[in-house]
Amino acid sequence: MIYPFSGVAPLPNMDMPEDIIEDFQEARNIVELSPRGAVALLRLIIQKLCIHLGEKGDNINSDISNLVKKGLPEKMQKALDSVRVVGNNAVHPGKIDLKDDRETAYKLFHFVNIIAELLISQPKQIDEFYNFKIPEKSREAIKERDK
């Protein structure tokens, strides 16, 4: 019998950058054997997502704070901070015990996908529609209106 390593972890949001998708897949591959390892990778993914969204990547906490200042919704801040804090604690002994906590790891997989959906996929879909369906003259008029 072949045991699925990824368990029931969701597939990654395909609008994420390729290197982040690779990390997500790696986390899926190890979640059943090492939930702590998967959670640590998910934290790395959040750091990479912050960089993808225009932040420096030096300090994940500051990056999240900057995204909030740029209009990140409070619920997304909570999702980012959840992955950041649990992921950080997963790699530091004595802070949190994730040895058998696959449920937490699975929830964080979902949070990463929710974050990607809101911050990458939805803006991409809106931009694609706006740029290809709204006539250029109308887009120019909207720019003038918003000056």
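Yes/no matrix, rows are residues, columns are (1) out of contact with any helix residue (DSSP H, G or I) (no Cβ under 6 Å at 6 or more places or on another chain); (2) acidic (Asp, Glu):
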residue: 9; (1), (2): no, no
residue: 14; (1), (2): yes, no
residue: 39; (1), (2): no, no
residue: 50; (1), (2): no, no
residue: 54; (1), (2): yes, no
residue: 58; (1), (2): yes, yes
residue: 62; (1), (2): yes, no
residue: 79; (1), (2): no, no
residue: 87; (1), (2): no, no
Pairing a residue in the stretch 15-44 that is more than 16 Å from residue 113 (Cβ to Cβ) with any residue that is open to solvent by less than 20 Å² (accessible area, probe 1.4 Å) and not in a helix (DSSP H, G or I), where Cβ atoms lie under 7 Å and the two sit 6 or more apart in sequence or on different chains, gives 35/98; 36/98
Helices (runs of 4 or more DSSP H) completely within the stretch 1-120 that count 1 or more residues being at pLDDT 90 or above, open to solvent by less than 40 Å² (accessible area, probe 1.4 Å) and in contact with a Cys (Cβ under 9 Å, 6 or more places away or on another chain): 60-69
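The values are calculated or read from the model by the stated rules, or taken from the named source; none is laboratory data. It should be emphasised that the depicted structure is a prediction, and the values quoted were computed from it without experimental measurement. Note that each Cβ is placed from the backbone with ideal geometry, even for glycine, and that neighbours are counted across all protein chains shown. The accessibility values were calculated without ligands, DNA or RNA, using every heavy atom of the protein model including side chains. Shrake-Rupley method; radii C 1.70, N 1.55, O 1.52, S 1.80 Å.
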